[in-house]
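To keep things clear, I will list the structure first and then write my remarks on it.
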Amino acid sequence: DDDDDDDDDDDEIAGGSLFRRAPGVSRGRVYRGAECPYMDTINRAVLDFDFEKQCSQTLSRINVYVCLVCGKYFQGRGRDSPAYYHCLQEKHHVFINTRSGKTYCLPDDYEVIDGSLRDIQYNLNPKYSTEEIEQLDFDAPRRCLTLSGQEYYPGAVGLNNLGSTDYLGTIVQCLARVSMLRNHLMDETKIEHIAKLTHAPTDANVAVKLSECFRKMWNSRNFKGLVSPHEFMQAVSVASNKKYNPKTQADPVVFLQWLLNTLHRYAESTHRYSPPCSPLELLGRAVARQCWRAVYLRICSGSTGALCLLSPIWHLRPPLFPTTQVLGLHGLQSYA
């Protein structure tokens with residue numbers, strides 16, 4: 001099953017070794033927060049869910065948990081798993097699954113359900129209703145506070161520079177203000193079936209990680225006042241064969257063109273992973289195309305009279321020719 005309900009399996013396999021269940025422990029037990037003696041060890045200040053979801057020891061992305069005491073990522077819950085050993089060695093007992101959002105206490109291996117964990121689960125995977133998404137451009141800027149009391153405004157948060165990724169941050173900030181594309185990507189129901197795939201296509205993964213980045217940028221309950229685009233950068237690096245990476249500067253306009261074509265190619269090529277007429281196709285065939293796709297009309301004078309040329313474009317660099325006209329979503333517009 002591609003959905004990560006495997007966090008409830010009895011045994012987990014990673015790197016060829018079997019993660020055995022702790023002796024005398026039966027799964028399926030559920031405790032309230034007041035019944036768990038380790039709830040007060042949770043440290044929200046060290047939690048950072050922007051990092052790539054992979055085990056810090058095995059580097060596996062399967063069945064990964066975050067230690068809610070130190071913020072490190074570990075695989076599995078069974079006996080002999082990295083998370084289990086971390087619990088015994090560091091005496092850190094509370095872990096959350098990065099995909100299901102369920103919280104467990106090790107080494108006793110029981111699930112903890114408590115209302116005080118909702119803010120952590122929300123920051124792990126922010127979700128928005130259709131009404132909330134549609135109101136993003138109409139609601140007045142709302143002042144929010146981080147855990148440390150620092151003020152920030154959702155949608156206007158900074159992006160960490162991961163080395164030489166300022167060009168990527170610039171484009172992400174710009175696209176976060178393109179309502180049609182942003183609203184489509186922030187609606188998790190449009191791409192959730194791709195996000196659940198264990199081995200999603202590289203083009204699809206770029207769209208999924210850009211969606212996560214947008215949802216974190218507009219998070220009004222953020223623990224910190226900035227976002228680190230680690231996972232989006234990693235997806236871009238893989239999809240571009242490392243043409244775009246954290247160590248190399250790039251032209252923002254060239255990157256924008258690559259990103260738009262990648263999103264369009266993703267929608268064209270991944271329909272086989274979804275039912276017919278899936279909203280996936282909307283991203284490339286309607287959203288990206290309606291936001292940027294246009295044709296420019298250039299009137300040239302020749303020996304036989306005026307010659308009209310129509311060419312499809314994603315963007316134009318100023319200055320335009322005096323006789324250039326752009327035919328876009330809202331009709332024919334002239335630029336002099």
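The values are calculated or read from the model by the stated rules, or taken from the named source; none is laboratory data. These numbers come from a predicted model, not from an experiment. Don't worry about glycine lacking a Cβ; one is built from the backbone with ideal geometry, like all the others, and counts go over all protein chains shown. Protein only, heavy atoms only, side chains kept; ligands, DNA and RNA dropped before computing areas. Shrake-Rupley method; radii C 1.70, N 1.55, O 1.52, S 1.80 Å.
What the Cβ-Cβ distance of ASP80 and LYS242 gives, at R0 = 25 Å and to the nearest 0.05, is a FRET efficiency of 0.10. Cα-based radius of gyration for the range 84-225, normalised by 2.2 N^0.38 Å, reads 1.19.
With all protein chains in place and ligands, DNA and RNA left out, the 1.4 Å accessible area ranks SER129, SER81, SER148 as SER148, SER129, SER81, largest first.
Rolling a 1.4 Å probe over the protein chains gives LYS91 an accessible area of about 150 Å².
Using the average count of surrounding beta-carbon atoms within 10 Å as a protection proxy, the listed peptides 178-187, 59-68, 107-116 rank, highest first, as 59-68, 178-187, 107-116. With K and R counted +1 and D and E -1, the other residues having a Cβ less than 11 Å from that of ARG32 yield a net charge of -3. Size descriptors for the range 93-148 (Cα atoms only): Rg and Dmax, in that order, 15.5, 48 Å. If you sort GLU132, GLU231 by accessible surface, 1.4 Å probe, largest first, the order is GLU132, GLU231.
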